[in-house]
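The values are calculated or read from the model by the stated rules, or taken from the named source; none is laboratory data. Values in this document were obtained by computation on a predicted structure and should not be read as measured data. Here the Cβ positions follow ideal geometry from the backbone for every residue, glycine too, while neighbour counts run over all protein chains shown.
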Amino acid sequence: MKGVAPMARSPWRTVVALVVGAALVLAAGGAGPTQAQTPRTLTVAVGADIDTGDPAKSTGLATIAVLANIYDTLVHRDADLNLKPGLALSWRAVDPTTWEFKLRRGVKFHDGEPFNAQAVKFSFDRMLDPATHWPGAGSLRLIKTVTAAGDDTVRITTSEPWPLMPRFLGYYGMIVPPAYLKQNGDDALVRRPVGTGPYRFVSWVKDDHVELQANPDYWGGRPKIGRVIFRVIPTDAPRVAELLAGSAQLAPLLPPELFSALQTSSKTKLVVGKSLSVFFVIYNLVGIPKDKPLADPRVRQALNYAIDKKAILASVMHNVGAPVATFCTDVMAGCDTSVPPFPYDPNKARALLREAGYANGFDFSISGTSGTYPGDRDIVLAVADQLNRVGVRTKVDITEVGVQLKAVLARQLPENGWFTRFTDFFGISSIIPLRAFYSPGEWSQWRPGSDPFNQLVEAAQAAPDEAKLAQISKRLQLMYKDQAPAITLFGAPNANGLTRDLTWTPRPDLEIDVAGASWTR
Amino acid sequence: MSEYLVRRLAFSLTAMLGVITIVFALLHVTGDPAALLVTQDATRQDMERIRHAYGLDQPLSVQYARFVERVVRGDLGYSYRQDVPVTELIAGHLGATFELALASLAVAIVLGVALGMAAAVRRGSGIDAAAMTVALFGTSMPSFWLGLLLIIVFGVKLGWLPVSGYGGLDHLIMPAFVLGGFYAAQVSRLTRTSLLEVLDQDYIRTGRAKGLRARVVLFKHALRNAALPVLTVLGLSFGQMLGGAVVVESIFAWPGMGRLAVQAVLGRDFPVVQGAAITGAAVFLAVNLTVDLVYGWVDPRLRSAGQQA
């Protein structure tokens, strides 16, 4: 997802984190006073505040991460993204363009309003109404109508067959209370969210904290931790300091510079989750003339052989993360993990370059960012260094992300490569190729691109079931490696700091699910 | 005096128009808010819809004219990202910024003037050298560095103060010290220079010769006369502090204007950036105006000059 400005870290913060990482290691070594003895309240030190309490107003990562505790979706996904009953107990395709959901009975919103099929219809209609300006509407654009059939049945019709819809509804589509909104006005949820989720909203002081209280009547059982405070601390080093001081117990999504501080302290631990994000250097192939080096797939492959992903992971990412072969990670549906990544083979890289007629290398440039994605600047500099070693003279331009994305969307990126991170929160292997490499796609820089690849991407979207999706996905992965429209790097880290008395499982979709958290002592 | 005020006010309004024009131009040239608002799943239509909804598909001149017209009516618009009125966001952040700025100003005055006086009175001594070394550190130490050092020592190691956050007086101590300390360094150097100059004046010698006590000479005669340049710097500093201290606010998780503005810039939340710029400029100009008025009180010569003019 590109709508990540709330999580964007200003460039100097990386410098701060780097400098201070070392100091925190020292601080972690000593024994400071323990302020908290098994606190009843869980304080989560988050890097960004929620944008709004209304799920139909934002798709921001920081917002969804917190709101997922207040609202439920029809489909629930467990920590490995397996689909489980949520507000819907079961679902089935009645015909290729109609899904039927059987709803859970007896569920109430936090204000006592009963949850039913009308609430589902209301929530979807509101979300998809163009007047709402929900930024996620594009993902659910195939939904045509939502109708309530009785109190506990909902039918969703789609404009074309959409077998993978339940996976989308495991992330998007939080259900809101219609009567509450009618009574208090359509923007009532912005400041006072009311859902059916495991936690009830207590208070929100903008840019300071959000407080939640366990919902004793939760259909999934009362959460173990009664009170949770999400405290907004925009700089990463103080988030770790809060853990070391015992005044916060969970600091999600930390950058690599701070890992060692957590690992050396006797009070904290580093917990790494699976990732739905992949780092790429996407080649700028917009209208590329045939005589340019990057027009030749052998050159595009050669650059992949030139990158020692494990070395970058070790030096920049503290060994958190794993090389990615293509465009999907092991936690995404349909991703074939037997397809191997390009091995590090500089000789093969040079041989391919020679074969393509570039024995003396060529000039190459990459547009990178600093402080937007964890480790971004260091990764792109390491990539450039390794490319230089096989004779590809690489220049890096660090650009502010807003400026970079504007150029990308206008297909006017001045550089030959776009360093970025693509994330698929729905957990489906065919999504990133659709967003990043399918030629007609918004962000695609592969134009005119490859017809067979585009057709296969389209086929994957229409796959009638997940077995078929896996088949198509494998062919797509092989074609991707052959055509190499990008230098594929590794998964973005999902690294979290915890105090040792807390048990908590990070989710690949980065929702901060505190209902599953508990104290160990 | 009233003519002077009107002139100053007219100047202030022109300056503000300049500020908002520059902010408007820079923001619109450098980034596309739609690109940052949507997810990677967005289609062209989604983005067009968002641009249309916020009027971003209009010519820049039209957007600018609408914007200025709204500002004149006191309407700063709605945040793209948070969907609440910008005025509400600013009101919510101004209090914290004001609190921090006041505390920092107090630190700057107390620490800065004390150090500067000690250095001036004991000119050339060890105290002078020590005070000026402290001042040198204060100016040259980056505030993020000092802030994090304090956090590690007082927050993590000793556990005396909360690491970060907004709340009671204990939350205010470290950020006020870091922000105020930076300005205290400047103030102390200026106090020293200014005081040394005054202490060399004939009327001070006269005062001493009359047998006035050293304390009376220093506080009643010297300090008041040395205060004018210090006051100017304090006024400017206070204006800057009220604009929001981005670094200090970020490190100490202080929910002030600086953070609001930076987040808005990064997210290309145009209405919020513009609102923050306008507020910052207004506050800065207001503080400067106040300082000018205070001059008259401190230095009667200026007051009579104003009356003659």
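Numbers at a glance
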quantity: Residue satisfying condition, being within 14 Å of chain B (Cβ to nearest Cβ) and under 18 Å from A:Leu476 (Cα atoms), within set A:Ser444, A:Ser429; calculated: A:Ser444
quantity: Residues (in a helix (DSSP H, G or I) and crowded, with 20+ Cβ neighbours inside 10 Å) located in region A:122-151; calculated: A:Phe122, A:Ser123, A:Phe124, A:Met127, A:Ala137, A:Gly138, A:Ser139, A:Leu140
quantity: From the options A:Gly375, A:Gly417, residue that is at pLDDT below 95, crowded, with 21+ Cβ neighbours inside 10 Å and more than 14 Å from chain B (Cβ to nearest Cβ); calculated: A:Gly375
quantity: Single condition A:Asn360 does not satisfy, out of (1) surrounded by fewer than 18 Cβ atoms within 10 Å (Cβ to Cβ); (2) touching a strand residue (DSSP E or B) at 6+ places or on another chain (Cβ under 9 Å); (3) in contact (Cβ under 8 Å) with a residue 12 or more places away in the chain; calculated: (2)
quantity: Some residue of region A:270-289 being assigned to a loop (DSSP other than H, G, I, E, B), at positive phi and in the same structural domain as A:Thr326 (by TED's automatic domain parsing); calculated: yes
quantity: Residue ID - nearest to the chain's Cα centre (by Cα), chosen from residues in region B:266-280 that are under 28 Å from B:Ala185 (Cβ atoms) and surrounded by fewer than 24 Cβ atoms within 10 Å (Cβ to Cβ); calculated: B:Gly280
quantity: All helices (runs of 4 or more DSSP H) inside region B:180-251 with 1 or more residues being of a type in the set (Lys, Arg) and more than 15 Å from B:Arg123 (Cβ to Cβ); calculated: B:202-209, B:224-242
quantity: Single residue of region B:114-161 satisfying the filter (part of a helix (DSSP H, G or I) and aromatic (Phe, Trp, Tyr)) that is nearest to the other protein chains (Cβ to nearest Cβ); calculated: B:Phe144
quantity: Answer from A:Ala295, A:Ala322 - the residue that is surrounded by fewer than 19 Cβ atoms within 10 Å (Cβ to Cβ), in the same structural domain as A:Asp378 (by TED's automatic domain parsing) and within 18 Å of the chain's Cα centre (by Cα); calculated: A:Ala322
quantity: Matching entry among A:Val176, A:Val154, A:Val202, A:Val228 (being away from every other protein chain (no Cβ under 14 Å), surrounded by fewer than 21 Cβ atoms within 10 Å (Cβ to Cβ) and not in a helix (DSSP H, G or I)); calculated: A:Val202
quantity: Count - residues of region A:469-515 that are in contact with a Pro (Cβ under 8 Å, 6 or more places away or on another chain) and in a loop (DSSP other than H, G, I, E, B); calculated: 9
quantity: Residue that is surrounded by the fewest Cβ atoms within 10 Å (Cβ to Cβ) [pool: residues in region A:420-448 that are closer than 20 Å to A:Ile366 by Cα and over 19 Å from the mean Cα position of the chain (by Cα)]; calculated: A:Arg447
quantity: Test: residue in region A:185-198 that is out of contact with any strand residue (DSSP E or B) (no Cβ under 6 Å at 6 or more places or on another chain), over 30 Å from B:Ser164 (Cβ atoms), polar (S, T, N, Q) and away from chain B (no Cβ under 13 Å); calculated: yes
quantity: Among (1) surrounded by fewer than 23 Cβ atoms within 10 Å (Cβ to Cβ); (2) touching a Gly at 6+ places or on another chain (Cβ under 9 Å); (3) assigned to a helix (DSSP H, G or I); (4) within 14 Å of chain B (Cβ to nearest Cβ), the one test that A:Gln404 misses; calculated: (1)
quantity: Filter result for A:Leu258 (out of contact with any Phe, Trp or Tyr (no Cβ under 6 Å at 6 or more places or on another chain), in contact (Cβ under 8 Å) with a residue 24 or more places away in the chain and outside any loop (DSSP other than H, G, I, E, B)); calculated: yes
